[in-house]
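In what follows, a single structure is set out as structure tokens and then discussed.
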Amino acid sequence: MAVDKDIIKLLDEFNKKLVDDTRVSLQAKLDERAAEHKGKKVKSRLWASVYGAPAIYQNGKITMKLEMNDYWDVVNDGRKPSNVSEEGQNKIAEWSDTRGFAEKIRISDLAQRKKDQQERQSLSERKGKLKTLKKMPFDRAKKVAGFLVARSLKKKRLEPTHFFDEVIEDGRIEKLKEDIATVFKTDVLIDIRKTIR
């Protein structure tokens, strides 16, 4: 029957639009959050992970999948204040690298150490040449960033973005149901007519 092909085509179009709209919604929410916290606007790993696999007919069923990184629900629904695992801290440390957070820590740490050094120098009777200070190693800055963000997540909640809820609850599921019903009615009628003749 041509019903399979028509439904697969319909689901593929639906999934493509769902992926595009999910990405647009996520990017808008992340840009809004970045502006609030004076952060960088970048494409996130979550944005890049949103993928709609083509619909397939297998074992008498037609299936379609929308896939994204496993932490999408935390971004969508938010998170209550609680501890962060060591694995979570490591992931946050890697994330801090992509957002420039680790580099900001290196710069602010160097500035603070220079200020402290100058204060100690002014209080000292010896007025010799100051030791040249260097930024902290980048790996250490990433680890510090992971710790600081984890500590913040332990104290404060992560606000929900509802990026996916807003997309999926905009009436598109009801329209998909209607479109599938229309395809079935049309094809069933055509198939019955062909058999009668």
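So here's what we get for this one:
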| read-out | value |
| --- | --- |
| Some residue of region 104-127 being on the phi < 0 side of the Ramachandran plot, surrounded by fewer than 12 Cβ atoms within 10 Å (Cβ to Cβ) and in contact with a Gly (Cβ under 7 Å, 6 or more places away or on another chain) | no |
| Subset of region 105-129 that is among the small types (Gly, Ala, Ser) and under 30 Å from Val149 (Cα atoms) - its residue that is nearest to the chain's Cα centre (by Cα) | Ser108 |
| When residues of region 74-98 are limited to those that are of a type in the set (Asp, Glu) and surrounded by 13 or more Cβ atoms within 10 Å (Cβ to Cβ), the one modelled with the highest pLDDT | Asp77 |
| Residue, farthest from the chain's Cα centre (by Cα), within region 55-99, restricted to residues that are among the basic types (Lys, Arg) and within 16 Å of Pro160 (Cα to Cα) | Lys80 |
| Every residue from region 29-49 that is in a helix (DSSP H, G or I) and without any contact (Cβ under 8 Å) to a residue 24 or more places away in the chain | Asp31, Glu32, Ala34, Ala35, Glu36, Ala48, Ser49 |
| Residues of region 81-110 satisfying the condition of being within 30 Å of Leu18 (Cβ to Cβ) and either among the aliphatic types (A, V, I, L, M) or in the same structural domain as Asp21 (by TED's automatic domain parsing) (or both) | Ile92 |
| Lone unmet requirement of (1) touching a residue at least 12 places away in the same chain (Cβ under 8 Å); (2) farther than 17 Å from Phe163 by Cα; (3) assigned by TED's automatic domain parsing to the domain that holds Phe163 for Gly52 | (2) |
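The values are calculated or read from the model by the stated rules, or taken from the named source; none is laboratory data. Predicted model, so just to flag it, every value in this text is computed and none were measured. Heads up, the Cβs are rebuilt from the backbone with ideal geometry, glycines too, and the neighbour counts pull from every protein chain shown.
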